[in-house]
1. In whole Hz, with x marking every Gly and Pro, tabulate ³J(HN,Hα) for segment 2-19 from phi via Karplus 6.51 cos²θ - 1.76 cosθ + 1.60, θ = phi - 60°.
2. Suppose every Lys and Arg Cβ carries +1 and every Asp and Glu Cβ carries -1, with no other charges. What dipole size does segment 118-261 come out with about its Cα centre, to the nearest 20 debye?
3. I'd like the per residue volume of the convex hull spanned by the Cα atoms of segment 8-260, given in cubic angstrom.
4. Can you compute the helix-only [θ] at 222 nm over the chain? Use -39500 (n - 2.57) per DSSP H run of at least 4 residues, normalise by all residues, nearest 500 deg cm²/dmol.
5. How big is the charge dipole of segment 8-260 about its Cα centre, in debye rounded to the nearest 20, if each Lys and Arg gets +1 on its Cβ and each Asp and Glu gets -1 on its Cβ?
6. Averaged per residue, what accessible area in Å² does segment 8-260 show with a 1.4 Å probe, protein chains only?
7. Determine the shape class of segment 71-110: with a ≥ b ≥ c the square roots of the Cα gyration tensor eigenvalues, call it rounded for a/c under 1.5, and otherwise prolate if a/b is greater than b/c, oblate otherwise.
8. Which of the GluC sites (Glu not before Pro) found in segment 100-186 are loop residues per DSSP with 15 or fewer other Cβ atoms within 10 Å of their Cβ?
Amino acid sequence: MTAARTPVVAGNWKMNPADRAAATALAVAVSEATAGMAARIVVCPPTVWLTAVSEALDGGRAAAGSVAVGAQTMRAEEKGAFTGETSPLMLAGLAQYVIIGHSERRQYDNETDAAVAAKVASAIAHGLIPIACIGESADERRAGLTAVVIERQLRAAISRLERIAGSGLVVAYEPIWAIGTGDAASGEDAQAAAAQVRAILAESDPAGADEVAILYGGSATPENAAEYVAQPDVDGALVGGASLDAERFAGIARAAVEAGE
Ligand code: PEP
């Protein structure tokens, strides 16, 4: 973390919670627990709860804190015959961020590098901030392919952008073997990946690369978060499991804020 960048801590609620009241209660609890923190706090509920959560947070202007809303995915196209999908136009007014290319979508919904490229460009074109996820599997890590996978996925994700500066792009390095396993990456691993990401971004746009928030994701907790955000190129976290508990999520955000001071 460097003081030049504002920390970003985003919660990926995945397919939780199961009902609307619990979703809005969690959003309000996050808003209260993170009130006053000098960080960009984002909650990413399931699509069906976006409206309720956005309303509960007053479109990111909740009285307690300033929590932004993110979608967990979207289609790149504005409209059309895409059963079950959500377009960037539909997210306008409900979400400020959108997670793109999460490994679970790559794995279970066949989200390809090409789809990620289209979605990242579309999100930016529609005024949304994409949180582009990249990261290697356990097999790829064992084969020594971590840097190769990061490079391939990142170059694809930015391939349809004219420039990085001003795009708002956020990149999340999420090694698949660390997601939901409790087997979190080391701070050194997170920094190596984040530095590689920033170096690739800097090839075409050095100033833009400095602006980009690079997050670590994978079993992040209040207990281990400080180790990540102490790294110079890690600017926050994308949080799964711990984001479902407002106090634990706020603990991660607190670590990020303290690292940036
Ligand atoms: C995620 O799914 O983005 C994630 C990081 O999950 P967890 O924190 O549960 O590992």
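1. Rounded to whole hertz, the list is 10, 4, 5, 10, 7, x, 10, 10, 10, x, 9, 6, 6, 9, 9, x, 7, 9.
2. 520 debye
3. Residue-normalised Cα hull volume stands at 112 Å³.
4. Dividing the helical sum by the residues of the chain leaves -11500 deg cm²/dmol.
5. 500 debye
6. 41 Å²
7. Because a/c hits 1.5 or more and a/b fails to exceed b/c, segment 71-110 counts as oblate.
8. Answer by residue number: Glu162.
The values are calculated or read from the model by the stated rules, or taken from the named source; none is laboratory data. Since the model is a prediction, treat every value here as computed from it, not as a measurement. Every residue, glycine among them, receives a Cβ derived from its backbone with ideal geometry; neighbour counts consider all protein chains shown. Surface accessibility is based on the protein's heavy atoms, side chains included, excluding ligands, DNA and RNA. Shrake-Rupley method; radii C 1.70, N 1.55, O 1.52, S 1.80 Å.
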